[in-house]
Amino acid sequence: MTCELEGEERVGLIVGDDVHLHDRGPSLIEVIDGGEVAEVAARLRRSPSDVLPLEKCHLVSPLPRPPSVRDTVGFLDHVRGCRRAYGRDPHLEEVWHQVPAFYFGNPSSVLGPYDEVPMAPGSRWFDFELEVGAVIGRTGRDLGLRAAQEAIVGYTLFCDWTARDLQRLDTALGIGQGKGKDSGLTLGPWLVTAEEIADSVRDGALDLEIWASVNGQEIARGTLAGMDWTFAEIVSYVSRGTDLRPGDVIGSGTLPGGCLLEHLTGDPDTFDRWLRPGDVVSLGGDLLGRTEQRVVPGVPVHRLPSGF
C-alpha cells in the first residue's frame, strides 16, 4: 500500500491493524520494478521504519501514477446488460468472443480509495464501475498465457468513473472511449500480491467475491470467476507487439450488474439513480479491502461554440 505521511508518499505493509512503513524514498512502482516485493514485505514485517495504526494512515492509491492503464471487457454479460438498459439488442457479434476488448484509461486521473470524486464536467448521468485491476510486475512483450500470468504481481480494486451521457457522444463518434471515461479512476486501497491470492485461482480464473454499494445500499455482488476472459488471456492479448511495464494496470471489466446503467429503467434523463453530489460509493472484495468515496460537484464547463 501507499500512505501519505507529512506530505510524502511512503510504501507500507498492512500487518493486522497496523501499517509497517518503509523508509522514505522508493515508490511502490520502484519496489515492483526492482523485483523486490516479497523481500520488502518480509523486511517490513520484521523491522519497519515506522509503525502506525491503520486507522491513522491516509491511504492513497497504491500506484498514484501508473505508467499506463488499460480497462478490458472481461465480463460480456456487462455489455449485454448495458445494451438491454438502452433498449438495444443484447446479442453480441462474434468479434466479442474472439478478442478481449479494451481501452486506454487516463493515468493522470487516478484517485485514492477514500478521495472525493468530482463529477465529470457537464455530466448528469454519472456512474461507477465495479472492477479489479491486475498490476504488471515485470517487463514483457508478446507473452504466452503462462508468462502472462507470471507477469502479474498483484491485484487491487478498480473503478473507472463513467459519465454515461458523455460516453454516448464518444460512442457516436466511433473511435473509442473519450470524455466519458476521462475524469476519474480509483485504485486501492492496497495491492494484494499474486502469492497472497494464489489459493483463489481455480482453472485459471480468479475466484474472488467483490461487491459495491451506494449510500449503504448494495448494488452488486459476484465473483471474478465468471469472467469470460481470464487475466492471463487478457494480459497475453494486450502484450502483443508492445511492452508491458512494471506498474501497468489492467482492469477486469465491470462485474455484471456492477454499475448503475445496468439498473436503468425508462428514460436516462429521468432515471433517479445516477450519482449526485453527496452520494457515497463503496467497493469491496475478499482480501482486496474496501473503498469509500463521496461524490462532489464537478467544475463548470467551458462550452464550445457548438454548445458542448
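The values are calculated or read from the model by the stated rules, or taken from the named source; none is laboratory data. Please read all numbers here as calculations on a predicted model, not as lab measurements. Every residue, glycine among them, receives a Cβ derived from its backbone with ideal geometry; neighbour counts consider all protein chains shown. Only protein heavy atoms, including side chains, enter the accessible area calculation; ligands, DNA and RNA are left aside. Shrake-Rupley method; radii C 1.70, N 1.55, O 1.52, S 1.80 Å.
So, in the stretch 25-79, how many residues would count as being in a helix (DSSP H, G or I) and either within 27 Å of residue 139 (Cβ to Cβ) or touching a Cys at 6+ places or on another chain (Cβ under 8 Å) (or both)?
Final tally of qualifying residues: 15.
Of the residues 260, 283, which single one is crowded, with 19+ Cβ neighbours inside 10 Å, in contact with a Cys (Cβ under 7 Å, 6 or more places away or on another chain) and not hydroxyl-bearing (Ser, Thr, Tyr)? Write out each step before concluding.
Working: 260 fails: in contact with a Cys (Cβ under 7 Å, 6 or more places away or on another chain).
Selected residue: 283, the only one of 260, 283 that is crowded, with 19+ Cβ neighbours inside 10 Å, in contact with a Cys (Cβ under 7 Å, 6 or more places away or on another chain) and not hydroxyl-bearing (Ser, Thr, Tyr).
Return the residue satisfying two criteria in turn: it lies in the stretch 134-165 and is touching a strand residue (DSSP E or B) at 6+ places or on another chain (Cβ under 7 Å) and part of a helix (DSSP H, G or I), and of such residues it is least open to solvent (accessible area, probe 1.4 Å).
That would be 164.
Which members of the stretch 192-220 meet the condition of being within 16 Å of the chain's Cα centre (by Cα) and either within 28 Å of residue 11 (Cβ to Cβ) or surrounded by fewer than 16 Cβ atoms within 10 Å (Cβ to Cβ) (or both)?
Passing the criteria: 192, 193, 206, 208, 209, 210, 211, 212.
Scan the stretch 23-38 residue by residue and report those that are over 17 Å from residue 188 (Cβ atoms) and within 26 Å of the chain's Cα centre (by Cα).
25, 26, 30, 33, 34, 35, 36, 38
Only residues that are more than 18 Å from residue 125 (Cα to Cα) and among the small types (Gly, Ala, Ser): list them for the stretch 254-304, please.
Selection gives 282, 284, 285, 289.
Within the stretch 166-191, can you find the residues that are of a type in the set (S, T, N, Q) and either farther than 18 Å from residue 74 by Cβ or crowded, with 22+ Cβ neighbours inside 10 Å (or both)?
Matches in the stretch 166-191: 167, 171, 183, 186.
Do you know which residues across the stretch 14-30 are crowded, with 20+ Cβ neighbours inside 10 Å and among the hydrophobic types (A, V, I, L, M, F, W, C)?
19, 21, 28, 29
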